[in-house]
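Below: one structure, written as structure tokens.
All of the numbers you see were taken from the coordinates with simple rules; none came from a lab. Only a predicted model underlies this, so the values are computations on that prediction, with no experimental measurement involved. Methodologically, a virtual Cβ is constructed for each residue, glycine included, from the backbone with ideal geometry; neighbour enumeration extends over all protein chains shown.
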Amino acid sequence: MQTIQSGPQAASALRFPATEEEDAAPRGPAGRRRSRTGWRRIVSPLAVLVIWQLANVAKLVSAAKLPPPTKVASEAWTLITTNSPAYGTLQHNLLASLERMAVGFALGASAALLLAVIAGLSRLGEDAVDPLAQMIRTLPLFGLVPVFIVWFGIGQLPKELLIALGAAVPLYLNAFSGIRGVDGRLGELGQVLGLSRWERLRYIVLPGALPQTLVGLRQSLGVAWLALVVAEQLNTSSGLGFMMNQAEQFFQNDVIFVALLVYTILGLLTDWIVRLIERRALVWRRGLLAS
């Protein structure tokens, strides 16, 4: 009589075996396809830069209002190589912003995932957590700035909390939706196989919720970068937001565009990192994507 396995061995038995075509597929062409896809993703940003430059050359826009990419690149090099009394160096401000972003996002993402698991696995947890999350979702970050100043002063803490709040909501909503979207029959199968509650969470619920959670991660990173701009309005002496505030006072649009372009590059980079995680963690979805 065949016995029913339990634990991680049973969970591993639920995985679909690789097909012969997948086993025989050469790794080289797949790598080249991914490389071509990566190059394709930078075509549209480069096209925007070219159009931007040509519009300036053709005098379609004023260089004072919209400095050309060449001017922005020149100003960026100056900010990198020169310690400006008004701005400092670009790399110093970038590191300050990255530090705030890292701490704030870590706080927000940790809280969001914990609350999503509590609300997703329990009706009582949902009734306790979800109404508060829906209320927080509608709060404007700019409206919280004076409140956080009164509560926490003007140090690093209110800035990091604003970023955490901005990052937490979209990640919570997507992770909660992903957990609730897991097929209940898989949980019943886990019970039949003798999996404990923790093993069902680890081997069934979390993997099933991962696609939606990664969508939420991409959204939360985008909101976190926006929250960073808001946070750095709070009496900062360093950071990309500080550079933009200073440049606004001196009417230097080229410095503002340097900071804006750095934000866009950072956003594109973090999105690429999440897409890389998706590619590795959700390898079973590759067959659904057309080249």
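Here are a few things to note about the model shown:
- Debye log10 I(q)/I(0) at q = 0.10 Å⁻¹ for region 116-218, Cα point scatterers: -0.38
- As a size descriptor, the averaged projected area of the C-alpha convex hull of region 67-288 was calculated at 15.3 nm².
- Those residues of region 243-279 whose amide nitrogen sits under 17 Å from the label point placed on Val61, 7 Å along Cα→Cβ: 252-265
- Label point at Ile136 placed 7 Å out along Cα→Cβ; residues across region 151-175 whose backbone nitrogen lies under 19 Å: 151-153, 157-175
- Model label points for Thr78 and Leu276, set 7 angstrom from Cα along the Cα-to-Cβ axis, are 3.4 nm apart.
- Cα-based shape type of region 88-148, given that a ≥ b ≥ c are square roots of the gyration tensor eigenvalues and the cut on a/c is 1.5: oblate
- Order of Met135, Met243, Met101 - criterion: other Cβ atoms within 10 Å of each residue's Cβ, fewest first: Met135, Met101, Met243
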